[in-house]
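The values are calculated or read from the model by the stated rules, or taken from the named source; none is laboratory data. Since we're looking at a predicted model, the values are computed, not measured. Virtual Cβ from ideal backbone geometry, glycine too; neighbours counted across all protein chains shown.
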Amino acid sequence: MFDGLSDRLAKTAQRLRGQGRLTEENIQDALREVRMALLEADVALPVVRTFIDDVKQRAMGEEVLTSLTPGQVFISIVQQEMIRLMGEANESLDLATQPPAVILMAGLQGAGKTTTVAKLARLLHEREKKKTLLVSCDIYRPAAIEQLRTLASQVGAEFYPSSTDQDPASIATAAIDHARRHHIDVVLVDTAGRLHIDNNMMDEIRRIHAAAKPVETLFVVDSMTGQDAANTAHAFDEALPLTGVILTKTDGDARGGAALSIRQITGKPIKFMGIGEKIDALEPFHPDRVASRILGMGDVLSLVEEVQQKVDHKKAEQLAKKVRKGKSFDFNDLKDQFEQMQNMGGMTGLIDKLPGMGGMADKVKDKVNDREITRMIAIIQSMTPKERRFPDIIKGSRKRRIAAGCGLQVQDVNRLMKQHQQMRKMMKKMSKGGMAAMMRGMKGKMPPGMGPGGMGF
């Protein structure tokens, strides 16, 4: 996420940290680098100008020029201004109303709006314990109605049926009435996607808005469209009273221009961001955490939240008990660890949130990527139940059969077995002498991404 911008800013920070003191000249050089980084990230030009002026004004002040660590202070100013640019703090949904609270979703075609409706329903159910109803007012695309019906069943939400011969505003009114009678907390209204800003379509969504009287009107936009995302959001805001924005596809956005431009151009907060294709890949947008990620400082708070929400704590506790009793760490345990890692967004998602990874991130990703984890799970799945429980019985002929079963090479099986042996030794040390003994025994041998005691920590 935002790799291009992160790399440019990391190089600027490194150069500044090597300076004994900052002068007007090297501050100007640093600001030039920051300006180029933002323009390459497709941040809107007016936003870049304002940002650079604000950073320059603070950087030329006494706190930087007289600081013992001027480079660090400068980067801190960049971080603070970036947070201010994106909106200071996360703005949550305002659902404090007589149920049902209505959330209207708008956006251009192809932004991932229908999927985002389902993701938001799942998030509201899991984190807020809200009962949700999904309804599609897209009468132009029968597939959109069926898609939402399928997604609703996947996320445990109710679905209100609609058809292409109905009036969109009437569909919304009927769904809200159904929710009121069945004591449903939140109604999520999906609207037709637009290929561009079209007057007839905008009139229609205004009618839906007037009928539904939503407490939240969210604009769903593809972050990979850069500053165009901000301009489109601005155009929609002029036609519709938006309360916030959801950025989608941020996992594929190496630039970050949309995230840095939208708040400044529209005045509307980014409330959520989509971080992948999976149905749970939506998270609240925290400007301070995103700024930390962009500057290569990691995002420990989001990582901790993910551990609390996505790790199977029952399995983690079972593994901890097993280790404490001195029982052997087998391939079933290792497979569990890999799957827990995948639930948390895989290696890529974890590395982005780890502090201090900066330039190391790409090197680590090259060595152990999400595809490699999938391959290792495939190898374990090719083993018999007995082989998984007793890894020592896996010799030559068994290795060849396992490799053939998953379509890989014997060398791949050997590599996995070596990683498993290293993990097993560490677990044994942990059971005998606690965490300190295990850490001493690691010496850099632990498979990347595998935490002590597994992903359950």
**Prompt:** Hey, any hits in the range 91-114 for a residue that's free of Cβ contacts under 8 Å to residues at least 24 places away in the same chain, in the same structural domain as Glu204 (by TED's automatic domain parsing) and closer than 21 Å to Gly274 by Cβ?
**Reply:** no
**Message:** If Leu16 meets every condition in (1) surrounded by 16 or more Cβ atoms within 10 Å (Cβ to Cβ); (2) at pLDDT 75 or above; (3) not β-branched (Val, Ile, Thr) apart from one, which number is that one?
**Reply:** (2)
**Message:** Filter the range 124-147 down to the residues that are modelled with pLDDT under 90, under 25 Å from the mean Cα position of the chain (by Cα) and aliphatic (A, V, I, L, M) and list them by number.
**Reply:** Ala144
**Request:** Just need a number here: residues in the range 41-60 that are loosely packed, with under 14 Cβ neighbours inside 10 Å and charged (D, E, K, R).
**Result:** 2
**Prompt:** What number goes with the only condition from (1) touching an Asp or Glu at 6+ places or on another chain (Cβ under 7 Å); (2) in contact (Cβ under 8 Å) with a residue 60 or more places away in the chain that Leu148 does not pass?
**Reply:** (2)
**Message:** Among (1) hydrophobic (A, V, I, L, M, F, W, C); (2) outside any strand (DSSP E or B); (3) under 23 Å from Ala233 (Cβ atoms), there is one condition Ile184 misses while meeting the rest; what is its number?
**Reply:** (3)
**Asked** Is there a residue being surrounded by 20 or more Cβ atoms within 10 Å (Cβ to Cβ) and outside any helix (DSSP H, G or I) anywhere in the range 139-157?
**Response** yes
